[in-house]
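The values are calculated or read from the model by the stated rules, or taken from the named source; none is laboratory data. All values reported here derive from a predicted model rather than from experimental measurement. Here the Cβ is made from the backbone with ideal geometry for all residues, glycine too, and neighbour counts use every protein chain on show. The area values use the complete protein model at the heavy-atom level, side chains included, leaving out ligands, DNA and RNA. Shrake-Rupley method; radii C 1.70, N 1.55, O 1.52, S 1.80 Å.
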Amino acid sequence: QVQLVESGGGLVQAGGSLRLSCAASGRIFSDYVMGWFRQTPGKEREFVAAIALSGDSTYYTASVKGRFTISRDNAKNTVYLQMNSLKPEDTALYHCGASRSARVQFPYEYEYWGQGTQVTVSS
């Protein structure tokens with residue numbers, strides 16, 4: 001089992017920044033690809049970013065490239081999402097997930113999920 005707890009969400013004005021954290025406990029953190037997804041009411045969970053086991057490869061959806069940065073600290077069992085130049089359309093509940101699959105953009109490939117942290121961007 002892997003337990004994931006997200007933090008760092010909040011209300012921010014457009015153009016602002018937030019840093020999300022996801023702390024993991026349980027199984028060996030470095031065995032898992034870590035991803036960030038977001039979800040708004042009535043919509044499916046959307047891929048945002050993912051990072052490989054050692055952190056040497058990162059993946060982003062097109063709408064956040066150049067604005068968001070995913071990173072991980074395996075010594076602290078934590079994955080981060082630095083979000084800059086936030087837009088109102090980034091408003092969502094952000095979840096982190098843990099996967100042992102290379103298909104990082106698909107939510108059904110993730111074995112474990114956190115409860116999410118809300119990000120609200122005002123215009």
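The trypsin sites (Lys or Arg not before Pro) of the stretch 62-123 meeting both criteria, a DSSP state outside H, G, I, E and B (loop) and at most 16 other C-beta atoms within 10 angstrom of the site's C-beta, are Lys65, Arg67, Lys76, Arg100, Arg103.
Per-residue extension of 0.36 nm, minus the Cα-Cα distance of Ser30 and Leu53, leaves a gain of 7.7 nm for this segment. Using a 1.4 Å probe over the heavy atoms of the protein chains, calculate the carbon and sulfur portion of the accessible area of the chain as a whole percent. Its accessible area is 48 percent carbon and sulfur atoms.
A simple spin-label model places pseudo-atoms 7 Å from Cα toward Cβ; at Gln115 and Gln39 they are separated by 1.4 nm.
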